[in-house]
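Quick notes on the structure that follows.
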Amino acid sequence: MIKVLFFSSCLSAILIAGPICDFKINNVQSQINDALKQKNKNKASELKHALRELKEHCSDEKVLRKTQEQIIKLEKKISEAKNELSELKLKDKTNKIKKMEMKIKMLDTELEFEEKELQKMKDLSKANGAESKS
């Protein structure tokens, strides 16, 4: 009886979490299995802690919001870096210009990654919504 209650409470927690959290939970579980196969107990232990945190606190809305906030921060950083680059060009600081251009490229790459992640999550939510209606 206790096993049934425990299983059903775990199952309901996973079902409430949503498709994005389910994906993240499955991903971490897979990483735990890989770490155990490689006999990396420390990594497995860290991942088990992360898995517990995900199961207890993950919600699709929070994950989406956090990713959207990260995108906004990156866009702001890029804007600031471009302004700084313009100032450096006016002062003809060649060495600093190259560094700033590299920083902007790195930020652009990070922004592109976050935008793709956000789109994947939205697609996952939509796909799950379509499955629920079928």
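Read the figures in this text as sums done on the coordinates, not as results from a lab. Note that the coordinates shown come from a computational prediction; the quantities given were computed from them, not determined experimentally. When we count neighbours, we look across all protein chains shown, and the Cβ atoms used for this are built from the backbone with ideal geometry, even at glycine.
Place a +1 charge on the Cβ of each Lys and Arg in the stretch 60-134 and a -1 charge on the Cβ of each Asp and Glu, then give the dipole magnitude about the Cα centre in debye, rounded to the nearest 20. If you can, show how the numbers build up before the last one.
Values: 20 positive and 17 negative charges, 65 e Å.
That gives a dipole near 300 debye.
Kirkwood hydrodynamic radius for the stretch 21-134: how many Å is it when counted over pairs of different Cα atoms? Intermediate values should be presented prior to the final figure.
Details: mean 1/r = 0.0581 Å⁻¹.
One over the average 1/r among Cα pairs gives 17.2 Å for the stretch 21-134.
Could I have the simple spin-label model distance between Ala50 and Glu80, label points 7 Å from Cα toward Cβ, reported in nm to one decimal?
2.7
What does the extension gain come out to for Lys122 and Gln29, with contour length at 0.36 nm per residue minus their alpha carbon separation?
On the way: separation 93, 0.36 × 93 = 33.48 nm, distance 2.19 nm.
Gain on stretching Lys122 to Gln29: 31.3 nm.
So between Glu87 and Glu110, what do we pick up on full extension, going 0.36 nm a residue minus the alpha carbon distance?
Values: separation 23, 0.36 × 23 = 8.28 nm, distance 2.35 nm.
Full-extension gain reported as 5.9 nm.
Determine which lysines satisfy two conditions relative to Lys98: a Cα distance under 22 Å, and not lying fewer than 8 residues away in the same chain.
Lys76, Lys77, Lys82, Lys89
If packing is taken as the average count of other Cβ atoms within 10 Å, what order do 60-70, 91-101 fall into, highest mean first? Mind dumping the intermediate values first?
Values: 60-70: 14.8, 91-101: 12.5.
Per-residue mean Cβ counts within 10 Å order the peptides as 60-70, 91-101.
Among Lys55/Lys122; Lys43/Lys126; Lys73/Lys120, which pairs are too far apart, with a Cα-Cα distance over 28 Å? If you can, show how the numbers build up before the last one.
On the way: Lys55/Lys122 20 Å; Lys43/Lys126 33 Å; Lys73/Lys120 20 Å.
Result: Lys43/Lys126 exceed 28 Å.
Based on other C-beta atoms within 10 Å, arrange Phe113, Phe23 from fewest to most.
Numbers: Phe113 12, Phe23 17.
Ascending number of Cβ neighbours within 10 Å: Phe113, Phe23.
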